[in-house]
1. Within the stretch 114-136, how many residues turn out to be assigned to a loop (DSSP other than H, G, I, E, B), closer than 20 Å to Arg177 by Cα and touching a residue at least 60 places away in the same chain (Cβ under 8 Å)?
2. If Arg111 meets every condition in (1) assigned to a strand (DSSP E or B); (2) of a type in the set (Lys, Arg); (3) more than 18 Å from Thr222 (Cβ to Cβ) apart from one, which number is that one?
3. Could you say whether any residue in the stretch 159-175 is out of contact with any Cys (no Cβ under 9 Å at 6 or more places or on another chain), of a type in the set (Val, Ile, Thr), within 20 Å of Arg225 (Cβ to Cβ) and crowded, with 21+ Cβ neighbours inside 10 Å?
4. With the structure loaded, tell me whether Ala77 is within 24 Å of Val207 (Cβ to Cβ) and under 14 Å from the mean Cα position of the chain (by Cα) or whether it fails that test.
5. Which condition number does Arg88 fail, the rest of (1) out of contact with any Phe, Trp or Tyr (no Cβ under 6 Å at 6 or more places or on another chain); (2) closer than 23 Å to Glu234 by Cβ; (3) surrounded by 15 or more Cβ atoms within 10 Å (Cβ to Cβ); (4) without any contact (Cβ under 8 Å) to a residue 60 or more places away in the chain being met?
6. Counting just the residues of the stretch 64-85 that are closer than 18 Å to Gln163 by Cα and hydrophobic (A, V, I, L, M, F, W, C), which one comes out least open to solvent (accessible area, probe 1.4 Å)?
7. When you scan the stretch 183-198, do you find a residue that is within 19 Å of Pro81 (Cα to Cα), crowded, with 17+ Cβ neighbours inside 10 Å and among the small types (Gly, Ala, Ser), even just one?
Amino acid sequence: MTSTQRYLEMADILEAELAHVPVGAQVPSEHVLAHRFAVSRPAARAALQELERRLLVRRVQGVGTFRRGRVEYLISAHFPPSFSETVRMAGAEPGARLVSCGVRRAVEQERTRLGLAAGAAVWTVERVFSVNGEIAAYATSVLPRRPLLNLDRELGDEVSLHQVLRRRYGLSVVRARYRISLDVPPPGIADHLTGGSRGPVWLAESVNRAANGGPYIEYARTYLRPDVLDVTFEIEEEPH
């Protein structure tokens, strides 16, 4: 048996055992696994790295390796375009930290997405989201300045943007267009999202409008960590 076959066999055995391990529990170290399977430390390390690639564990340098549990992040016509509400519906606890909120002129892509005239002013809202205390997403929301005057006074840490839109401005927001792809976050966002590591994550781009055919309200770009969120799409046939 080759070394590759051996560490993959170890990973398969450990994967089956992890099904019975509580989320957050510490799993055996490289030293313990090397002794158990009578292999070298590099082989044991390769097995743990394989489990990490399978999104079953997370490794914390200098601390240990822990059983990972991802939260389903369902994207559906029946779900609101709100990160916090979607996470709560999955039975997890969302958190939000406001990075910045300011006004500037919209660039061409944003004007096109939101149907704005040249020179239009927009709010740019940058937020970091967590799930059960673990960083899970980084979102940039671009919204027209009018009619959202004084939006910066309404937002803060642990404040839902979409709740503010409903409560303060009377706007219930729904998805108009949605696109998702694998991408590598730029350095500034990666610092917030993954501590600087720049592996591929989901990039979700959403154009949201006021319900009942109202105007476009938000153009959002959200980087979602696949090791924290199990992103699922639900597509249904339109009723006739």
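The values are calculated or read from the model by the stated rules, or taken from the named source; none is laboratory data. A quick note: this is a predicted structure, and the numbers were derived from the prediction, not measured. Positions of Cβ are backbone-derived with ideal geometry, glycine not excepted, and every protein chain shown enters the neighbour counts. The protein model used for the area step is the full one, side chains on, heavy atoms only, and it has no ligands, DNA or RNA in it. Shrake-Rupley method; radii C 1.70, N 1.55, O 1.52, S 1.80 Å.
1. Qualifying residue count for the region: 1.
2. For Arg111, the exception is condition (1).
3. So far as the stretch 159-175 goes, no, none of its residues is out of contact with any Cys (no Cβ under 9 Å at 6 or more places or on another chain), of a type in the set (Val, Ile, Thr), within 20 Å of Arg225 (Cβ to Cβ) and crowded, with 21+ Cβ neighbours inside 10 Å.
4. No.
5. Condition not satisfied by Arg88: (3).
6. First pass over the stretch 64-85, keeping only residues closer than 18 Å to Gln163 by Cα: 78-85.
Restricting the remaining residues to those that are hydrophobic (A, V, I, L, M, F, W, C) gives 79, 83.
Numbers: Phe79: 51, Phe83: 14 Å².
The selected residue is Phe83.
7. no
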